[in-house]
Amino acid sequence: MEKKLTMDKLVNLCKNRGFVFQGSEIYGGFANTWDFGPVGVELKNNIKRAWWKKFVQEDPSTYGVDAAILMNPKVWEASGHVQSFGDPKMDCKNCKTRHRADTIIENFSKGAISAEGMSDEEMEKYIEEHDIKCPNCGKRDWTPIRKFNPMFTTSRNMVGDEKDVVYLRPETCQGEYVNFLNVQRTMRAKVPFAIAQIGKSFRNEITPGNFLFRTVEFEQMELQMFCHEKDSMNFYNSYKERALKFVESLGLSEENLRFHDHDKLAHYAKAACDIQYNFPIGWQELNGVHHRGTWDLSRHGEYSGKNMDYLDPFTNERYTPNVIEYSIGADRLMLAIMCEAYEEEELENGETRIVMHFLPAIAPYKVAVLPLQKNLGEKAREVYGALSKEFMCDYDEAGSIGKRYRRQDEIGTPFCVTIDFDTLEDNSVTVRDRDTMKQIRLKIEELPAYIQKAIKF
Ligand code: GAP
């Protein structure tokens, strides 16, 4: 069975099957924004729930928060975002589009070259030597690299005075650092413990055409483990492993995943690693695990004037905890999951079917209820009514049963339940499996347990 996936095919499928639409489409779109449709929102919610389950619900040392998007601007001074000059950008003089130099190099080399350690001069030289052209117009007519701060700004007051400037958070983790003392106190938490959250982040990213990979508005699932320095490398290594296990448990295959240890570290960092996924655009970062030393709590201590130290109640040692950060984008993970799930399968009759082999636990709909004919609708709606109390279900009575099966295959519904005339006699239905297309007969009352077993995560 061969996979022939391109980003264009995936974008088309997403658009036609209700996963993802272009943002503000009726106005001609709005660059690097996407709207999640009825199918896509289910998939993304299921991914977020799976992450929360593994890293918060099942881990007694991790506490969840949901911090405000708009934070005191001093937070971004402490984090270094206000002072930082941001990403290396170049303009194409021919078509007037703006691009990230590091992304251009990484895309050109299909992920073989990492530009993270390159200076601006080295990137410009690489682009020239390899004759890398503008991905939009195909010409090579670049401006020199310039840096732009990627933080979006807004204003607290109507006057729009510069001193009223407020930032849309470019990462969620600062909401975890600033709540370190609150969580510790209210939950009587003992170091080591972690704070996790899922939420929107905003970056004024300028990258053409990579769909959900890099967008201006995206969701991050981030976790900060606060620990003693002596335990920090163990936590760093264990989060690397847990992060890998998590994405594998959602169906990403071993051969499409690899660790990428950073050669060049931020001055405060002790170690940093990405997990990369082999996207149709090449090997790219899927998530990061970073050993951030005491940088974050020290900086917030310094800028807020609050003492962020921890007093160990057993040893009486007072110290600033180290932070191990694990961070993954929900949208980017959804993209990887869709890439992995996609298959164009050649059938014995010569036809091709597109199937999204999502792990049942994260599939948008768990079951579709399909009356064989419209006049079986009453019974079918009764079955739908019962199942939809427990699972996200789809209902479809339009068109041939073959076409309805194909549609469910394309949105990755693990089970189709068909209501036929025998159902009226013996209360049994046909259950078709998405992956094998095999059909079995079950009593209606057996359905919930059967589906529940298959979607356990
Ligand atoms: N707090 C650390 C941090 O934000 P990052 O490497 O910039 O680190 C972490 O981002 C993760 O967030 C990335 O690995 C990626 O999955 C996701 N991400 C970052 N920028 C993104 C963007 N513009 N669009 C979609 N996902 C993004």
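The values are calculated or read from the model by the stated rules, or taken from the named source; none is laboratory data. Here the structure is a predicted model, which means the values were calculated and not measured. Backbone-built Cβ (ideal geometry, glycine too); neighbour counts: all protein chains shown.
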Inset, instruction - Sort through Ile337, Ile324 and tell me the only one that's closer than 24 Å to Ser109 by Cα and away from the ligand (no atom under 11 Å from the Cβ). - result: Ile337
Legend entry - Lone unmet requirement of (1) surrounded by fewer than 20 Cβ atoms within 10 Å (Cβ to Cβ); (2) modelled with pLDDT of 95 or more for Asp263: (2)
Legend entry - All positions within segment 97-131 that are closer than 30 Å to Pro73 by Cα, assigned to a helix (DSSP H, G or I) and not charged (D, E, K, R): Ala101, Thr103
Inset, instruction - Starting from residues that are surrounded by 15 or more Cβ atoms within 10 Å (Cβ to Cβ) and hydrophobic (A, V, I, L, M, F, W, C), keep the ones in segment 387-399 and report whichever is farthest from the chain's Cα centre (by Cα). - result: Leu387
Legend entry - Conditions (1) surrounded by fewer than 12 Cβ atoms within 10 Å (Cβ to Cβ); (2) closer than 30 Å to Leu70 by Cβ; (3) charged (D, E, K, R); number of the one not met by Arg169: (1)
Inset, instruction - Mind telling me which of the residues Asn94, Asn45 ends up being touching a Cys at 6+ places or on another chain (Cβ under 7 Å) and either part of a loop (DSSP other than H, G, I, E, B) or surrounded by 13 or more Cβ atoms within 10 Å (Cβ to Cβ) (or both)? - result: Asn94
Inset, instruction - Just give me the residues in segment 402-457 being of a type outside the set (D, E, K, R), over 34 Å from the mean Cα position of the chain (by Cα) and part of a helix (DSSP H, G or I), in sequence order. - result: Phe421, Thr423, Leu424, Ile444
Inset, instruction - Name every residue in segment 276-294 that is more than 10 Å from the ligand (Cβ to nearest atom) and either at negative phi or of a type in the set (Asp, Glu) (or both), in order of residue number. - result: Asn278, Phe279, Pro280, Ile281, Trp283, His291, Thr294
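What number of residues in segment 295-321 are away from the ligand (no atom under 16 Å from the Cβ) and either of a type in the set (Asp, Glu) or touching a residue at least 24 places away in the same chain (Cβ under 8 Å) (or both)? Don't jump to the end; show me each part of the working.
Within segment 295-321, the first condition is being away from the ligand (no atom under 16 Å from the Cβ), and the residues that meet it are 298, 301-321.
Those still in the list that are either of a type in the set (Asp, Glu) or touching a residue at least 24 places away in the same chain (Cβ under 8 Å) (or both) too: 302-304, 306, 308-310, 312-313, 317, 319-321.
Residues flagged as away from the ligand (no atom under 16 Å from the Cβ) and either of a type in the set (Asp, Glu) or touching a residue at least 24 places away in the same chain (Cβ under 8 Å) (or both) within segment 295-321 amount to 13.
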